[in-house]
Every structure is written in C-alpha cells, then in structure tokens.
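Undergrad: Pasting in a structure now, in structure tokens, and then I'll have a few things to ask.
The values are calculated or read from the model by the stated rules, or taken from the named source; none is laboratory data. Nothing here was measured: the structure is a model prediction, and the numbers come from that model. So basically every Cβ, Gly included, is an ideal-geometry build from the backbone, and we count neighbours across all protein chains shown. Side chains included, ligands, DNA and RNA excluded: accessible areas come from the protein's heavy atoms. Shrake-Rupley method; radii C 1.70, N 1.55, O 1.52, S 1.80 Å.
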Amino acid sequence: MLINYGAMRRPATAAAPPPAAQATPLVADGATLPAGPQLAALQASCQICHSFGLVTQQRLSAATWKAEIVKMRGFGAPLPAADEASVVTYLAVHLGPSVPGPPPHTVVTAPPVTYTNAETAASASTSNVPNAATGAQLYAQNCAACHGASGAGVPGAFPPLVHDPVVIAANPTGHITAVLKGMHGKAIGGKAYSAEMPPFTQLSDNAIAAIIDHERTSWGNHAPTVTPAQVKSAR
C-alpha cells in the first residue's frame, strides 16, 4: 500500500532547523527503526500531514521509497533534498520488502445481531445502531484517521462524511460498496480527492454494518441504517 499524502501543503516559512536526533529506537508494526537523525527527520517531516504510523506500516523498495519522499517534499515536508539518499537507504533497510510485515489489523467486532422475524429486521434497518458505542469505537479505529473524528475529512485528500450524498442516501448500497471495496479517483460532491480509500473486506459483516450505521446516524446525518445481512449480500 503506497502512502497518500493528499493536497495538504505546508505554508511557506523560513527554513526549519535540523531536527534533534531521535534518542531511542522506534519499534512499531513489526519493524525496528534505529535511533538517529534519519528517524528524527522522518518523524518531523511525515507528521505534518499524518500519523507516522502510516509510514511504519509500509514495506516498500528503495525506488518506491524515493518516489514517496519526493512526493512528500512536494507537499511541503521539510526534508532537505540533501538528506534524501540517506533517508531512502534507511527506509529500504528497515521498512523494505524483506522486513516482516505488520501484524494483522485487530479490530473490535460488533456483536452479532439476530432478527426473529421480517418485521424486526425491517424496523432495525431504519433505527439507530443497536450498539452505538461499538459503532463509534470501530469508526475511531478504522476510519477516523482519514475522515476525522467528526466526519469532516481533509480538504483535497479525504472527503467529508457529513451530509455526503452516499452516506445519507435512502438506499445504502453505494455506502456499503464503498466501505467493502474501497474507492479511488471518483469525484464526490463535484470535488476530486487524491487519497485512495482501501477496501475493508477483512472486517466482519457485523463490524461493517456498525461502522456504516455510525456514519449514517452521526454529525447531523439521518439515514436508514443497515443490517449485517445487507453487507453479506454486497460482498
């Protein structure tokens, strides 16, 4: 998975002083990044736009890391071009294709939902999330890093979910499909977004239904909720 930096650009300012060297190694996502100026420079540069955890999850070749760093600098990251070669080597060694990948993503699974008859199912499909706290927790773990805790998104990079036509549509098919299969290159509300939304097929039907229901009933959104059976049917 490549990193999507979006259209977030750092305002023009005076040159920043060199970052202080990271004093201790960083162990994250199954990899160990040794302490030193390269780690400090990466953390200072990458965290302008996103969590550094997005970097530690990658396993890329030197050529791909170089392309990503060039792109990152283009978006305003204060990493001097003179440091590019040493940082690329550092990343290729410690976050390269031969490094073991991050552990499987662990999420909290929404509790099973059982319907006793068609009337109960129909009622549930237009009511609030059976366990709203679970839906909010799953959203925080899987979606908030891009779309924000308040569903506001990031201009140019990640679309807002507040009053989004797909999120508030009476027919939830498009919403379910977007979460299950991901989305990229599609204009939303007439606006283009550079970041790619990955598919979430690794989540259970219950978990995806809980996330979708949270999105469809939060931040002023008022849309019919979905059932795990609808998610299963869309897979």
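Undergrad: Which of the residues that make up the range 153-201 are surrounded by fewer than 18 Cβ atoms within 10 Å (Cβ to Cβ), on the phi < 0 side of the Ramachandran plot and touching a residue at least 60 places away in the same chain (Cβ under 8 Å)?
TA: Correct list: PRO155, THR173, SER194, GLU196, PRO198.
Undergrad: Still on this structure, please answer the following. Would you be able to tell me the number of residues in the range 67-107 that are farther than 17 Å from PRO25 by Cβ, modelled with pLDDT under 90 and not acidic (Asp, Glu)?
TA: Residues in the range 67-107 being farther than 17 Å from PRO25 by Cβ, modelled with pLDDT under 90 and not acidic (Asp, Glu): 21 in total.
Undergrad: Separate question: Return the residues of the range 76-90 that are out of contact with any strand residue (DSSP E or B) (no Cβ under 9 Å at 6 or more places or on another chain) and in a helix (DSSP H, G or I); say none if nothing qualifies.
TA: Once the filter is applied, which keeps residues that are out of contact with any strand residue (DSSP E or B) (no Cβ under 9 Å at 6 or more places or on another chain) and in a helix (DSSP H, G or I), the range 76-90 yields ALA81, ALA82, ASP83, GLU84, ALA85, SER86, VAL87, VAL88, THR89.
Undergrad: Going by the structure shown, is ALA149 open to solvent by 70 Å² or more (accessible area, probe 1.4 Å), modelled with pLDDT of 85 or more and closer than 23 Å to ASN221 by Cβ?
TA: So ALA149 fails the test.
Undergrad: Looking only at residues in the range 51-84 that are of a type in the set (Ser, Thr, Tyr) and under 22 Å from ALA145 (Cβ atoms), which one is most open to solvent (accessible area, probe 1.4 Å)?
TA: So the residue we want is SER51.
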